[in-house]
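Here is the structure we will look at, set down as structure tokens.
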Amino acid sequence: MSHLVKNYNRKKISFKYGKGSYLYSTDKKKYLDFVQGIAVNSLGHVHPKLVKTIKDQSKKLWHVSNAFKIPEGEELAKKLCKKTFADYVMFQNSGAEATEAAIKVARRYFYSIGKPNKNRILCIKNSFHGRTLATIFASGSKKMTEGFAPKVTGFDHFSFGDHHSLKKKINKNTAAIMVETIMGEGGIKVIPDWCLKELRALCNKKKILLILDEVQCGIGRSGDFFAFEKSKVKPDIVPIAKGIGGGFPLGAVLMNKKVASGMTPGTHGSTFGGNPLAMSIGNTVMDIISNKKFLNNVKNLSKYFLLKLNKIKEKYPNVIKQIRGKGFLIGIQLYKDQNEFIKKLMNNQLLTIRAAENVVRILPPLNVKKNELDLALKIIEKVCSQIK
Ligand SMILES: *Cc1c(COP(=O)(O)O)cnc(C)c1O
């Protein structure tokens with residue numbers, strides 16, 4: 001029997017090793033992995049540069065307390081700020097920690113300017129910001145919060161796309177609006193650029209902060225370094241995680257100078273966050289992904305892949321309802337429950353994962369090859385023909 005808590009409904013397959021876009025199972029099958037740890041292995045499995053980094057760093061230094069200056073962290077923070085809107089970075093270990101720290105930064109900012117009652121966070125209903133007590137109540141999801149009373153208060157909600165309710169829910173106690181630029185778990189729902197612009201304008205008008213959760217859609221996943229980049233919008237706070245560690249647990253909160261001013265010594269901390277081992281890996285991932293040529297390649301291949309997926313949709317209009325997403329954060333919305341489809345893809349050695357609204361989520365590594373995308377398209381089309 002398994003002594004692991006049954007909080008997951010795990011599939012029966014296990015893997016012995018991985019390489020790039022592929023996973024090799026213990027029963028000797030080769031799978032095209034378009035889950036990649038749920039958008040975590042941004043450079044695929046065991047990328048040679050990451051292997052070298054972890055090897056080299058593991059011989060030098062793994063962990064020291066944040067009570068000391070950590071040069072590898074200084075370097076990664078500098079790179080992140082140079083590439084983005086941010087002035088300051090605070091390292092964490094995971095996405096939930098990063099989003100929760102983002103909430104703390106927002107509240108602490110208003111506290112520090114003498115407005116401690118401005119502390120409520122306005123979020124999209126059924127969004128996803130992690131699994132800590134605060135972040136599940138931030139999501140406003142009944143399923144995720146059931147049985148975890150008492151409720152963590154301080155969160156208000158509006159429905160995706162409901163601009164009227166969004167405006168109505170802002171009151172004198174609102175500190176920030178926090179949304180995923182692209183809703184991942186929620187079904188690959190993209191907030192359009194014009195909406196992001198209006199969100200920013202609304203926050204300016206109401207003198208509140210804008211938090212864009214880029215834990216899933218950030219670090220090149222959308223084809224831009226950040227999914228909000230093209231809108232030219234500058235958020236105040238951005239939690240990141242998943243892709244920045246390339247498979248190693250790493251999270252961070254990026255922020256501007258204004259809000260960082262509230263985070264004085266002792267206001268937040270993390271034992272593990274920002275240790276030399278995690279930081280050196282983050283530096284290598286950052287060097288590869290922030291390169292313009294690398295991101296252009298993501299954009300071009302994604303364009304090709306989306307075009308072909310839409311062709312399949314046209315061929316099977318009774319199976320596929322909509323192709324969603326940007327870059328390599330892609331959703332195939334089906335008319336029927338997606339689990340059978342995902343199982344059939346898996347039987348054909350293509351791994352994908354579900355999202356809400358009957359969506360099959362497709363998350364290739366950002367350095368996926370064209371022939372690997374073609375293989376996936378072939379399998380998806382085959383499964384469509386079997387469903388019909
Ligand atoms: C995955 C995710 C999180 C939580 O990250 P964990 O590392 O699982 O804690 C938060 N926000 C978004 C948008 C995510 O996709």
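Bear in mind these aren't lab numbers, they're just calculated from the coordinates by the rules spelled out. Every value quoted in this text rests on a predicted model; they were computed, and no experiment measured them. Cβ atoms come from the backbone with ideal geometry, glycine included; neighbour counts cover every protein chain shown.
For the stretch 122-220, lysine pairs separated by 8 or more sequence positions, or belonging to different chains, with Cα-Cα distances below 18 Å total 26.
Here r is the Cβ-Cβ distance between Leu133 and His63 and R0 is 22 Å; the resulting FRET efficiency, rounded to 0.05, is 0.25.
Quick check on my link table: of Lys12/Lys344; Lys19/Lys299; Lys308/Lys382; Lys55/Lys293, which ones sit more than 18 Å apart, alpha carbon to alpha carbon? Flagged as over cut-off: Lys19/Lys299; Lys55/Lys293. The stretch 261-303 and the stretch 1-31 have Cα centres lying 27 Å from one another.
Subtract the Cα-Cα distance of Ser14 and Lys293 from 0.36 nm times their separation in residues, and report this length gain in nm to one decimal. Once the chain is fully extended between Ser14 and Lys293, it gains 97.0 nm. Only helical runs count toward this figure. For the chain, summing -39,500 (n - 2.57) over DSSP H runs of n ≥ 4 and dividing by all residues gives -12000 deg cm²/dmol at 222 nm. Separation of the stretch 59-123 from the stretch 349-375 is 31 Å, based on Cα centroids. Its relative contact order, with pairs defined as Cα atoms under 8 Å and 6+ residues apart, puts the chain at 23 percent. The slack between Lys167 and His268, meaning 0.36 nm per residue of separation minus the straight C-alpha distance, is 33.2 nm.
The modelled label-to-label distance between Asn371 and Met346, using points 7 Å beyond Cα along the C-beta direction, is 2.8 nm. Karplus-based coupling profile of the stretch 17-25, in residue order and whole Hz: 7, x, 8, x, 8, 10, 10, 10, 7, with θ = phi - 60° in 6.51 cos²θ - 1.76 cosθ + 1.60 and x standing for Gly or Pro.
Summing charges over all other residues whose Cβ lies under 11 Å from the Cβ of Ile244, with Lys and Arg as +1 and Asp and Glu as -1, gives +2.
For the stretch 72-150, what does the alpha-carbon gyration tensor say about shape, rounded, prolate or oblate, given a ≥ b ≥ c as the root eigenvalues, a/c under 1.5 as rounded, and a/b over b/c as prolate?
oblate
Only one residue of Leu301, Ile240, Thr99 has its Cα farthest out toward the positive end of the dipole of the chain, where Lys and Arg carry +1 and Asp and Glu -1 on Cβ, and that residue is Leu301. Straight-distance candidates among the lysines for linking to Lys78, with alpha-carbon spacing under 20 Å and chain neighbours fewer than 8 residues away dropped: Lys69, Lys234, Lys242, Lys257, Lys258, Lys292.
Computed from the alpha carbon atoms alone, the convex hull of the stretch 49-289 holds 124 Å³ per residue.
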